[in-house]
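Down below is the structure, laid out as C-alpha cells.
What follows draws every value from the coordinates through simple rules; no lab data is involved. Only a predicted model underlies this, so the values are computations on that prediction, with no experimental measurement involved. Cβ atoms come from the backbone with ideal geometry, glycine included; neighbour counts cover every protein chain shown.
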Amino acid sequence: MAGTLYLVPTPIGNLGDVSPRIRETLLSADFLAAEDTRVTANLLRHLDMKKPLVSYYEHNKRESGEKILARLLGGETCALVTDAGTPAISDPGEDLVALCAQHGVSVVAVCGPCAAITALAVSGLPTGRFTFEGFLSVNKKSRMEHLNSLLAEHRTMIFYEAPHKLQATLEDMGKAFGMERKISLCRELTKLHEEVIRTDFAGAIAHFAEIPPRGEFVLIVAGKEEKEDAPLTLEDAIALAQSKIEGGMSKKDAVKLISQETGFPKNALYEAVLK
Ligand code: SAM
C-alpha cells in the first residue's frame, strides 16, 4: 500500500510555533523532503531530532519529485517542509502535491504557520473576502500586467515581497492602485522585531525612503472601494488612462484597458490622452 505525503508547516520566525502534531508528524515520517536541507537540519537540531533528509526545491523539483513519488508508492511516508511556513504556498510543494494526487498517493496537510494568513489576520483590513497574489514578477511587463489585472479588485489582496525589492514594488503598486489606497505592511511576523505598518502607499513610500526595509514582508492591500464605482466622467477616464501611461503602459494598451473598464469609446480617450 502506498504511503502518505504529509505537508508540515514550520515556524516563520518563532520556534514556539512547532505544535505537538507538527513534532509528531516529523518524528514518525520515514524521511523528510526539505527546500533547503541546511535550514531544516537547524530546525531538527532545535527539536532534538534526527531524520533522513532529501532535497526538494525549485531547481530539482522534477527529478526529486519523481524519486519521492517512487518511495511513497513503495509504502514510505514523507514529511514535506519548506524553509518557513506552509509547504505548497508560494513554493514548489504545490507540484509535489499535484504529482501525488495524479498517482493516487494520499496527501495530508498539518495545520500551522503561514505568513499570508498571519499577516491578513493582523492587518486591520477586511478579511471577509481576499485574494492571494504571491510574489510579483521581476519582469516589468509581467508585473504591470499582474497589477493591471487587479485594478477592479474589491477583495483584500495579499502579496509576498523581498526587502530589496520593496520600494520599487510600492511605487508600482501606488501608481496602479492610487497613492491613497490603504496598505498594511507586516514585517518580521512572530519574530522579535515584528511590526505592522498600517498606512497608504504615499505613507509607505515616504516611510521606507527614511528607514531602509529590513526583514521579511507580507503586503496586505485594501481592495478597491465600492464607492469608487460611482459613474465616471470622460475626464475621469482620461485621467485614469494618463496615469497608466505615466506608470509605463503604452498609450494603446492604456486606452484599451480604460475603455474596457469605463465603457468610454477608445477614440475619444485616444485623442484626449494624445493632447
Ligand atoms: N510557504 C510560506 C508560508 O506559508 O508563509 C511562504 C514562502 S515564501 C517563499 C516566503 C515569503 O513569505 C517571504 O518572502 C515573505 O514575503 C513571507 N514571509 C515568510 N516569513 C515571514 C515573516 N516572519 N514575516 C513576514 N513575512 C514572511
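The GluC sites (Glu not before Pro) of segment 177-261 that meet both conditions, a loop assignment by DSSP and at most 13 other Cβ atoms within 10 Å of the site Cβ, are Glu180, Glu225.
Taken one residue at a time, the phi angles of segment 260-265 give Karplus couplings (6.51, -1.76, 1.60, θ = phi - 60°) of 4, 6, 9, x, 6, x Hz. Gly and Pro are set to x. Based on DSSP H segments of at least four residues, each scored -39500 (n - 2.57), the chain has a per-residue ellipticity at 222 nm of -12500 deg cm²/dmol.
One Cα centroid belongs to segment 209-275, the other to segment 1-48; the line between them spans 45 Å.
Can you tell me what share of the DSSP beta bridges in the chain is antiparallel? A percent to the nearest 5 is fine. Kindly include the intermediate steps, with their values, before the conclusion.
Details: 17 of 36 bridges.
Within the chain, antiparallel bridges account for around 45 percent of the total.
Expressed in nm to one decimal, what extension gain is obtained for the pair Ala70 and Asp48 from 0.36 nm per residue of sequence separation less their Cα-Cα distance? Numbers along the way, then the final one.
Numbers: separation 22, 0.36 × 22 = 7.92 nm, distance 2.87 nm.
5.1 nm is the gain from fully extending Ala70 to Asp48.
Rank the residues Met49, Met179 as a footprinting-exposure proxy: fewest other Cβ atoms within 10 Å of their Cβ go first.
Details: Met49 12, Met179 15.
Least crowded to most crowded, the residues run Met49, Met179.
Highest mobility in the GNM of the chain, judged by mean-square fluctuation with C-alpha springs under 10 Å and restricted to Asp253, Asp36, Asp200, is found for Asp253.
Treating r as the C-beta distance of Val108 and Glu171 and R0 as 30 Å, the FRET efficiency rounds to 0.10.
Going 7 Å from the Cα of Arg62 in the Cα-to-Cβ direction, what parts of segment 75-93 have a backbone nitrogen less than 18 Å from that spot? The answer is 92-93, whose backbone nitrogens lie closer than 18 Å to the label point.
Rounded to the nearest 20 Debye, what is the dipole magnitude of the chain about its Cα centre when Lys and Arg each give +1 and Asp and Glu each give -1 at the C-beta?
Working: 31 positive and 37 negative charges, 63 e Å.
Taking the Cα centre of the chain as origin, the dipole is about 300 debye.
Each semi-axis of the equivalent ellipsoid for segment 1-144 is √(5λ) with λ an eigenvalue of the Cα gyration tensor; in descending order they amount to 26, 20, 15 Å.
The GNM of the chain, with springs linking C-alpha atoms under 10 angstrom apart, assigns the highest mean-square fluctuation among Phe130, Phe31, Phe264 to Phe264. Extension gain for the segment His207 to Glu24, taken as residue separation times 0.36 nm less the Cα-Cα distance, is 61.6 nm to one decimal.
How large is log10 of I(q)/I(0) for segment 1-74 at q = 0.24, 0.26 Å⁻¹ when the intensity is taken from the Debye formula with one equal scatterer per alpha-carbon? With one equal scatterer per Cα and no solvent, log10 I(q)/I(0) is -1.23, -1.35. Placing +1 on the Cβ of every Lys and Arg and -1 on the Cβ of every Asp and Glu, with nothing else charged, gives segment 116-221 a dipole about its Cα centre of roughly 180 debye.
If the chain between Phe132 and Tyr270 were fully stretched, how many nm would it gain, using 0.36 nm times the residue separation less the Cα-Cα distance?
Numbers: separation 138, 0.36 × 138 = 49.68 nm, distance 3.38 nm.
Length difference between fully extended and current span is 46.3 nm.
How big is the equivalent ellipsoid of segment 59-134 along its three axes, where each semi-axis is √(5λ) from the Cα gyration tensor, reported in whole Å from largest to smallest? Please report the intermediate quantities before stating the final value.
On the way: eigenvalues 172, 29, 25 Å².
Output for segment 59-134: semi-axes of 29, 12, 11 Å.
For each pair in Lys140/Lys251; Lys165/Lys251; Lys165/Lys244; Lys140/Lys191, compute the distance between the two Cα atoms and list the pairs where it is over 23 Å. Result: Lys165/Lys251; Lys140/Lys191 exceed 23 Å.
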